[in-house]
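The structure appears below as structure tokens.
The values are calculated or read from the model by the stated rules, or taken from the named source; none is laboratory data. None of these values were measured; they are calculated from a predicted model. Note that we place each Cβ from the backbone using ideal geometry, even for glycine, and neighbour counts take in every protein chain shown.
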């Protein structure tokens, strides 16, 4: 069985909750924190991609304007 460590951890916590080892609200808090971490990582990746696209676009426009001018 393959999967991420976070998913395996959630499955373990779910089994412990069903066995009444830990309370349901503890599972809810842990799940909320894991989802928040995953969402922040996804947002960081999106922001890095936006910065890269803007930087490449700026360099491309700068190169086009530089090549478009004729030195006298």
(request) For the range 15-37, enumerate the residues that are in contact with a helix residue (DSSP H, G or I) (Cβ under 7 Å, 6 or more places away or on another chain) and at pLDDT below 80. (result) 17, 22, 24, 27
(request) Search the range 14-28 for residues that are surrounded by 11 or more Cβ atoms within 10 Å (Cβ to Cβ) and pair each with any residue that is part of a helix (DSSP H, G or I) and modelled with pLDDT of 80 or more when their beta-carbon atoms are under 6 Å apart and the residues are at least 6 apart or on different chains. (result) 22/16
